[in-house]
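A short write-up of the structure that comes next.
The values are calculated or read from the model by the stated rules, or taken from the named source; none is laboratory data. Values in this document were obtained by computation on a predicted structure and should not be read as measured data. Every residue, glycine as well, gets a Cβ built from its backbone with ideal geometry; the counts of neighbours run over all protein chains shown.
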Amino acid sequence: MRRIILSVLLFVILGSSLSAQINKMIYMTGIGVNLGNPIGVNYKYFFTEEDGVEVLLATSWKGYSLTGLYERHFHFPPFKYRNTHWYLGAGAHIGYWNNLAPFYDGQGYRIITGIDGVAGIESTFGQFPFTFGFNWIPSVNLTGQIGLNLFQVGITGRYIF
């Protein structure tokens, strides 16, 4: 009976310790680049263990855009992947493009606003202060150049602190 009680206590203590390690905050702040469509700089901040915000200042179609995203992060179940997480989220963007934008129906620049989704995967590298990831940011422009953009994918790299 003692062995069973001690085994259960040991299992609970070790399980709690492993769970705490897996659920610890991924990192607090990261600054880096997004390469792909669009190309730009990004900033990510975690305000809880799973919840973060990302801001992307990017250039495309001879214009600029500013995107803000809320992201919910999830760890992969196997312990060996605890430095890799995936995320889903949503947000909004504002910017301006010129007549090189796809399906543009005029001349000059247009101010665009819209909503965005995001899905991605990201890895940290132990004690090294860097992350590497992939993201997909589909968007819908609601003003300016109205339309759906499903082809915004990128590779991210960030310095974290």
Sort out which residues of the range 34-47 are buried (at least 16 other Cβ atoms within 10 Å of the Cβ) and part of a strand (DSSP E or B), and write them in order of number.
34, 36, 40, 42, 44, 46
Of everything in the range 92-110 that's surrounded by 10 or more Cβ atoms within 10 Å (Cβ to Cβ), in a loop (DSSP other than H, G, I, E, B) and of a type in the set (A, V, I, L, M, F, W, C), which residue is modelled with the lowest pLDDT?
101
Can you pull out every residue in the range 126-140 that is over 24 Å from residue 72 (Cβ atoms) and among the polar types (S, T, N, Q)?
127
